[in-house]
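Notes for the one structure printed next.
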Amino acid sequence: MDDFRKLMYGVLTAFVGMLVVWVSFLYISACGFTFTCRRALPVVDATPIPTLAAATLPAPDFSVESPALNQCRIAAVNLIGAWVSAGYPETDPFTFTDIDGLTCEATFPDDVHPLFQESNLWFPGSLSCSSCHNADMAISSAQMDLSSYEGIMAGSRRTSPGAQGTDILGGGDWEASLLYDVLYVRKFMPLGRPPDMPAEGPVVFAGHATEESSQ
C-alpha cells in the first residue's frame, strides 16, 4: 500500500512539475523574463517619428524670396498682345498692366516665349505651339516657326527656312495681326483648346511689378 501511495504521489508530483514547466515555457515565450508582459500587448500600427536632420547640414536660407511672390498675373493672350504692341522687343523689357492693376515689366525670353514652348500651359494636355510650328519647313504647320524669336519674325507660309513669309504680328498692331485672329477672334489655337476656355487664354505668372507699383 505504501508503495502504491509513493507511486501516486510521484505521478502527481511529476504532473504538477511538468505543468509548471509548461506554463513557465509559455509565459517566457510570450512575455520574456519580465512581470509586465508587454510583449503580449497588441502591436500598435503607428507612423514612426522622423529623425531630425543632421546638425552638420546647412541651415535653410529663408531670406530667398519665392519667384512667384513678386510676379504679376495676366492672361496669356494679353501678355502676347502687350509684347506685340510694344514693338516685339527681342531682349529689352516691355511694360504691361496685370489683372490686379499693377504696372509690370516682362521680357520675351523669360515670359512670352514660354507661352509657345511649354506643354500643358494653355490647358491640361495641350501640346506646345512649337511642337507643330517649328523650324522644319517641310513639316511645320502653316510653314511657321514659333520655336525662336527669328522664326516668329519670319512669319508664316514660308517657302524655305531662309525665306520671309507673311507677317503674323500685324506690324505691331496687335488686333490687326494674324496671331490675334487665331488666338482671340477665331479661338482655334492652340490646337484642341476647350470651347469653354476664355478667349484671353489662361492666367499666367509673368514678369514683375515695377518699383512704382511696389510703392
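The values are calculated or read from the model by the stated rules, or taken from the named source; none is laboratory data. Worth saying up front: this structure is predicted, and the values here are computed from it rather than measured. Heads up, the Cβs are rebuilt from the backbone with ideal geometry, glycines too, and the neighbour counts pull from every protein chain shown.
Summary of values
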| read-out | value |
| --- | --- |
| Which numbered condition Glu90 misses (of (1) surrounded by fewer than 18 Cβ atoms within 10 Å (Cβ to Cβ); (2) within 30 Å of Thr159 (Cβ to Cβ); (3) touching a Cys at 6+ places or on another chain (Cβ under 9 Å); (4) at pLDDT 95 or above) | (3) |
| Single condition Val203 does not satisfy, out of (1) of a type outside the set (D, E, K, R); (2) surrounded by 18 or more Cβ atoms within 10 Å (Cβ to Cβ); (3) closer than 23 Å to Ser85 by Cβ | (2) |
| Residue within the range 166-186 that is farther than 18 Å from Leu115 by Cβ, outside any helix (DSSP H, G or I) and touching a strand residue (DSSP E or B) at 6+ places or on another chain (Cβ under 9 Å) present | yes |
| Filter pass, Leu183 being within 29 Å of the chain's Cα centre (by Cα) and surrounded by fewer than 14 Cβ atoms within 10 Å (Cβ to Cβ) | no |
| Residue match in the range 151-159 (condition: surrounded by fewer than 16 Cβ atoms within 10 Å (Cβ to Cβ), small (Gly, Ala, Ser) and in the same structural domain as Ser126 (by TED's automatic domain parsing)) | no |
| Enumerated strands (runs of 3 or more DSSP E) restricted to the range 62-162, each holding at least 1 residues that are more than 24 Å from Met197 (Cβ to Cβ) | 94-97, 103-106 |
